[in-house]
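Have a look at the structure below before the remarks.
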Amino acid sequence: MMDLMASEKFRTVDTRTAMSPTERGTDAVAGTEETNPGAGRTRAWATRLVVAGILLSALNLRPAITSLGALLEEVRDDLGMSGSVAGLLTSVPPLCFAVFGVTAPRLARRFGPAAVICAGMAAIAAGLLIRPYAGGTTGFLAASALALMGIAVSNVLMPVVVKRWFPDRVGSMTGLYSMALALGTSLAAAVTVPLTGALGGSWRSGLAVWAALAAAAVLPWLPLVRDRGTAPAPSRQRAAGTVEQHAPLRMARSRTAWALAVFFGLQATAAYITMGWMPQIFRDAGVPAGTAGVLLAVTMVMGVPLAFVIPRVATRLPHQGPIALVLGACGLAGYAGLYFAPAAGAWAWALLLGVSNCAFPLALTMVGMRARSGPGVAQLSAFAQSTGYLISIPGPLLVGVLYQRSGGWGLPIALMAALMVPQMVMGVLAGRNRTVEEEAAVR
């Protein structure tokens with residue numbers, strides 16, 4: 001009997017010794033929570049705060065843009081903006097996303113992603129509150145840039161937070177915040193004008209009121225600002241007292257990173273063209289102005305349910321390319337409809353383009369899947385989004401030039417359809433089952 005007990009003890013120790021460092025760290029964390037229920041309860045409350053923070057932050061990632069679009073005519077008239085300056089306003093968001101998004105990984109390494117997102121929400125609130133009362137075009141642009149800076153860093157770090165806190169639920173959590181982002185986008189576009197009327201008719205009040213939503217998004221992050229981690233929580237081996245070290249990856253040498261960046265840029269191009277020009281296409285085809293606005297709202301609202309479904313489906317597939325092909329096919333069908341019968345099938349084309357625009361949550365999901373570690377997700381997210389937004393800048397401007405030169409929508413729609421083809425190709429390449437760390441190891 002004693003020999004048997006000794007043998008069992010030896011096997012137990014040997015099994016424990018054979019465990020990987022990550023497994024030992026995870027087991028230690030689990031053991032700590034079992035022996036200290038208070039730690040488990042604290043972790044549960046922190047998780048709830050993160051979920052609230054993710055949802056509230058996502059709601060604030062687009063109202064600064066779409067609320068301005070709803071009142072752009074009033075802003076131009078009151079501030080005396082020229083047409084070129086107003087056109088610059090429509091190009092500032094992707095430019096700011098590209099320029100400021102690059103800084104997000106470095107800031108996250110120094111201060112932690114939660115602290116940076118918290119500061120980003122505060123910057124959005126401050127920018128939205130200041131810009132209507134800045135006193136001129138220059139101040140308006142500067143305050144808008146402040147808000148867009150907060151959006152840029154939060155854009156990049158949201159996938160990092162999801163990977164950090166929910167490594168086993170990347171699809172569902174990405175779907176939740178993509179859905180909240182789509183809801184915030186459509187809500188600001190639909191509600192800003194009637195809200196302005198209810199507040200006395202001043203465009204300044206109609207724009208400033210969105211600062212309150214951004215201020216509310218600051219609150220859940222405040223208790224989390226000391227959390228400096230970027231790696232998934234179980235793999236950080238906090239109970240063992242060690243943290244995994246990750247060398248910076250060279251994203252510019254990764255084919256997967258480039259495919260994802262180009263895919264991100266082309267889908268952003270399509271989205272900005274749709275938001276900026278689709279109502280005008282319908283109006284020029286004889287659709288009433290009010291109906292054209294509703295059609296745009298329908299296109300944007302399609303992103304609310306699909307942004308939740310697509311990431312969940314994507315994480316269950318070994319290859320996300322087929323989803324990119326389906327979304328691209330919907331876009332090609334929508335553009336064909338706009339070319340041949342824009343007014344007759346307007347509702348169908350709006351729905352198809354709404355489905356096609358859901359390439360955005362697919363791109364965000366693939367960012368979380370194409371990197372294995374938290375720091376890797378941060379670097380890939382910054383590279384893909386910054387490069388992608390730079391790629392997206394010329395698209396809406398080129399559509400406007402072609403429309404003005406040709407006097408019709410034939411050439412611009414042909415350009416939109418042509419851009420959809422490389423988007424589908426890049427989606428297939430970015431959807432392959434590999435990570436940027438694996439590519440770096442091969443090099």
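Hey, what's the range 60-149 come to in accessible area per residue, 1.4 Å probe, Å²?
40
State in Å² the accessible area per residue of the range 305-443; use a 1.4 Å probe, count heavy atoms of protein chains only, and round to the nearest integer.
Working: 5550 Å² over 139 residues.
Accessible area per residue: 40 Å².
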Worksheet item: At a probe radius of 1.4 Å, what is the per-residue accessible area of residue 437, in Å² to the nearest 10?
Response: 30
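Using a Förster distance of 41 Å, how high is the FRET efficiency between residue 133 and residue 406, based on the Cβ-Cβ distance and rounded to 0.05? Intermediate values should be presented prior to the final figure.
Working: r = 41 Å, r/R0 = 1.00.
Computed FRET efficiency for residue 133 and residue 406 comes out at 0.50.
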Worksheet item: Which whole-Hz couplings ³J(HN,Hα) result when phi for each residue of the range 350-365 is put into the Karplus expression 6.51 cos²θ - 1.76 cosθ + 1.60, θ = phi - 60°, listed in order with x for Gly and Pro?
Response: 5, 5, 5, 5, x, 5, 4, 5, 7, 5, 5, x, 5, 4, 5, 5
Worksheet item: At a probe radius of 1.4 Å, what is the per-residue accessible area of residue 74, in Å² to the nearest 10?
Response: 90
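Ignoring ligands, DNA and RNA, please state the percent of accessible area on the range 48-111 from carbon and sulfur, probe 1.4 Å. It would help to have the intermediate numbers written out before the result.
Values: 1750 of 2860 Å².
Carbon and sulfur: 61 percent of the exposed surface of the range 48-111.
Quick check on packing: order 299-307, 284-292 by the mean number of other C-beta atoms within 10 Å, highest mean leading. Let's see the in-between values first.
Details: 299-307: 22.0, 284-292: 13.4.
Ranking the peptides 299-307, 284-292 by packing returns 299-307, 284-292.
For a quick protection proxy, order the peptides 207-214, 258-265 by their average other-Cβ count within 10 Å, most packed first. The partial results should precede the final answer.
Details: 207-214: 21.6, 258-265: 25.5.
Answer by packing, highest mean first, reads 258-265, 207-214.
Please go through the range 303-412 and write out the trypsin sites (Lys or Arg not before Pro) that DSSP classes as loop and that have at most 10 other C-beta atoms within 10 Å.
Working: sites: 312, 316, 370, 372, 405; in loops: 316, 370, 372.
When the trypsin sites (Lys or Arg not before Pro) of the range 303-412 are filtered for loop state and at most 10 Cβ neighbours within 10 Å, 316 remain.
Could you look at the range 307-443 and say what percent of its accessible area is carbon and sulfur, using a 1.4 Å probe and all protein chains?
Values: 3890 of 5430 Å².
The C+S portion of the solvent-accessible surface of the range 307-443 is 72 percent.
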Worksheet item: Got a sec to turn the phi values of the range 149-165 into Karplus ³J(HN,Hα) couplings, 6.51 cos²θ - 1.76 cosθ + 1.60 with θ = phi - 60°, whole Hz, x for Gly and Pro?
Response: 4, x, 5, 4, 5, 5, 3, 6, 8, 4, x, 5, 5, 4, 5, 5, 9
Worksheet item: What figure in square angstrom, to the nearest 10, would you give for the accessible area of residue 48 with a 1.4 Å probe?
Response: 140
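The values are calculated or read from the model by the stated rules, or taken from the named source; none is laboratory data. From a predicted model like this one, the values you see are computed outputs, not experimental measurements. Reconstructed Cβ throughout: ideal geometry from the backbone, glycine too, with neighbour counts over all protein chains shown. With ligands, DNA and RNA removed, areas are computed over all heavy atoms of the protein, side chains included. Shrake-Rupley method; radii C 1.70, N 1.55, O 1.52, S 1.80 Å.
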